[in-house]
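Take a look at the structure set out below.
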Amino acid sequence: MTQVANDGSQSTSAASYRSSLAAGERYLRIDRRNGQIAALVAVIAVPVVVFMLGDYWVQLCITGAIDAIVLQSIGVLADRTKLFVLCPLAFASIGAWVVLQLFVWGWPGGFYFWLLLAGIAGIPFGLIMGFPALRLRGLNLAVITLSFAFALDSIFQVTPFPGSQSYTEVLTRPSPIGSDRAYFVFCWIIFVVFAVILYILDRRPFGAAWRIVARSERATAAMGLSVRGAKLGVFIISAFIAAVSGGLIVGQVYTAVESNFSPVASLVLFAVALFVGSGLAEGAAVGGLLSAFAPQVLSSIHVPQDFGNILFPIGTVQVLAAGTSASAAWRLSFRRMLRRRRSKNASAPDTTTDTTTAVVAASTPAATATAAAVAAGAVGDGAGTPVVPLGALDLGSAVAPSPGVSLVAAGPPALRVTGIGVRFTGVIALQDMSMEVPAGSVSGLIGPNGAGKTTLVDVVSGFIKNYDGTVEVAGRDIDNLLVHQRVRAGVRRTFQQERTIPELTAGEYVRVAARRRISIQEVAGVLEFIGGPSPYDRISDIDVGTRRLLEIAGCIAARPKILLLDEPTAGLAEADSLAVAARVSRVPDLFGCAVLLIEHDMEVVRASCSHITVMDFGRKLAEGRPEDVLKMDTVVAAYLGTADKAAVVER
């Protein structure tokens with residue numbers, strides 16, 4: 001009778017999860033369609049409105065469009081990677097100089113081609129500012145970039161822009177954009193093109209890496225993404241956009257002077273960017289509008305125009321205190337409004353997933369069967385394998401392996417560390433540490449706090465470079481590989497503190513973490529197996545415990561050779577921890593990767609591990625089967641300071 005009840009509960013959980021997937025996919029499709037319609041309306045409506053304005057206001061609109069492009073360049077750095085670079089107009093001045101110099105030289109190609117060359121000319125200067133960012137962040141990076149802005153401003157004060165001293169020849173626009181209204185449309189189109197490109201990049205691993213860098217550089221490297229490449233790439237894009245805006249300024253006023261690109265103006269635009277959130281297209285557009293029209297509004301009410309330079313920093317302080325920009329707050333309010341509206345619809349399934357419900361659902365054979373189908377390639381991997389809809393899978397047909405039982409594959413161990421030694425300024429963190437994790441197994445690494453467990457994980461994953469000994473993965477020596485190269489060699493890890501990206505959905509995060517083409521069905525299968533949220537749930541809307549499960553799902557989806565889990569059940573309730581342990585015990589059989597589990601909860605260790613290694617004071621203390629090792633006097637003493645076996649047995 002109990003078995004029948006359990007089967008019914010399991011079927012209900014699986015059906016509920018599939019229903020939430022269907023609802024999430026439907027809502028995502030609706031939201032994208034509505035967003036695309038709103039964006040298209042804005043793209044068309046703005047030029048229409050500008051065509052109705054007088055000549056003076058059209059000039060202000062051109063200024064606003066160009067400022068919006070500058071704000072886009074700031075948003076790429078400040079909003080996406082949290083790198084505070086205070087020289088956007090310095091990059092713009094380089095673009096302006098190139099356009100004017102090419103005009104003076106009479107280069108072929110005309111204004112359109114010169115704009116492209118101006119953007120390209122800004123790239124080397126972006127790299128010059130990007131190299132310090134490889135080591136610096138925050139105030140130090142801001143000071144360096146502001147110094148660069150002042151240095152370039154001093155140069156242009158001594159060496160004027162080409163052609164700015166004699167007005168015998170003045171740059172003229174091509175005839176299609178000769179009028180001010182046509183030129184505004186041209187600037188607006190460039191803004192829209194940059195917005196679309198950035199939108200596309202945000203949904204690719206290259207663009208997602210920017211937000212991961214902002215969250216944690218260690219997490220970026222642990223996903224196999226190059227921190228250096230991500231940072232330099234974002235500086236290249238930012239400098240290119242800003243340099244193009246400088247060329248557009250020349251097209252607006254037909255020349256350029258150093259006051260157009262002053263460091264103070266850069267600071268004001270940076271404040272506007274933080275205030276409106278120029279990483280979002282609507283934020284950059286509104287910011288451009290504010291920077292162009294605010295002085296005129298202040299003048300109309302008999303307030304000095306420079307007063308705006310005070311208001312914007314005040315708004316920035318408020319944004320930094322609140323932790324979110326104006327445009328991000330608008331989007332969040334809109335999503336909450338939609339959620340409230342949808343929650344009133346009784347027919348719409350609840351797509352929110354808390355930790356307890358998710359983990360219990362993951363304990364069902366249905367979830368295991370989903371993962372088995374995913375591991376077998378039944379739902380495809382985006383590389384040509386036929387994709388079967390999730391609802392078409394026979395979720396009840398697979399038989400899950402028993403907890404703690406793994407199919408050990410032939411060949412070299414998934415992980416072998418030999419004679420590892422690490423010293424920190426005279427302190428011995430690891431000494432002659434050796435162990436193996438057989439392929440197709442779940443092995444545990446336990447020990448009291450300070451035993452050196454996480455240090456060993458840092459050595460294996462490459463975050464500690466200076467160590468003695470060797471590390472091998474599936475028989476391959478990886479000692480000379482960097483962190484992201486070790487990831488590509490088959491090493492994945494989690495951290496004790498969750499390091500997900502709140503701006504992404506769960507599905508987007510898994511796809512980025514997988515570092516390969518992966519279908520939404522496979523994403524859903526992995527998330528259901530581990531007890532995670534729906535792929536369409538935003539990470540910012542789920543609790544910390546579920547985010548930790550999401551990190552595990554991302555690592556599993558990458559199909560590594562060895563998965564290092566650093567206290568994955570920390571913060572979970574006992575029942576949830578045991579459910580996760582059951583899932584971890586099945587990972588080798590279902591996904592083909594061995595697991596090294598670092599854990600303090602002995603019940604989790606017993607439920608998931610077939611072999612454990614005990615560390616104390618940086619050395620291996622004991623190893624063997626959990627039921628044998630946990631009764632050893634030396635292990636008991638390491639944990640409790642006494643060899644009271646009864647205490648361990650009771651625990």
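The values are calculated or read from the model by the stated rules, or taken from the named source; none is laboratory data. This is a predicted model, so every value here is computed, not measured. Because the Cβ atoms are built from the backbone with ideal geometry, glycine has one as well, and the counts that use them run over all protein chains shown.
Below, the figures for the structure above:
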quantity	calculated
Single condition Leu83 does not satisfy, out of (1) in contact with a Leu (Cβ under 6 Å, 6 or more places away or on another chain); (2) modelled with pLDDT of 80 or more; (3) aliphatic (A, V, I, L, M); (4) assigned to a helix (DSSP H, G or I)	(4)
Scan of the range 502-524 for residues that are outside any helix (DSSP H, G or I) and within 9 Å of Ile539 (Cβ to Cβ), ordered by number	Pro502, Glu503, Leu504, Thr505
Every residue from the range 525-542 that is closer than 22 Å to Arg80 by Cβ and assigned to a helix (DSSP H, G or I)	Ile539, Ser540, Asp541
Test: residue in the range 160-167 that is under 42 Å from the mean Cα position of the chain (by Cα), in a helix (DSSP H, G or I) and not polar (S, T, N, Q)	no
Test: residue in the range 324-338 that is within 21 Å of Phe270 (Cα to Cα), modelled with pLDDT of 75 or more and surrounded by fewer than 16 Cβ atoms within 10 Å (Cβ to Cβ)	yes
Flag for Ile539 being within 30 Å of Leu332 (Cβ to Cβ), in contact with a Pro (Cβ under 9 Å, 6 or more places away or on another chain) and among the β-branched types (Val, Ile, Thr)	yes
Lone unmet requirement of (1) surrounded by fewer than 20 Cβ atoms within 10 Å (Cβ to Cβ); (2) within 30 Å of Val43 (Cβ to Cβ) for Ser262	(2)
Boolean, Gly130 is modelled with pLDDT of 95 or more and in a helix (DSSP H, G or I)	no
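The rows are residues; the columns are (1) within 30 Å of Glu282 (Cβ to Cβ); (2) buried (at least 16 other Cβ atoms within 10 Å of the Cβ).
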| position | (1), (2) |
| --- | --- |
| Gly75 | yes, yes |
| Ala78 | yes, yes |
| Leu86 | yes, yes |
| Ile94 | yes, yes |
| Val104 | no, no |
| Gly130 | yes, yes |
| Arg135 | no, no |
| Ile144 | no, yes |
| Ala149 | yes, yes |
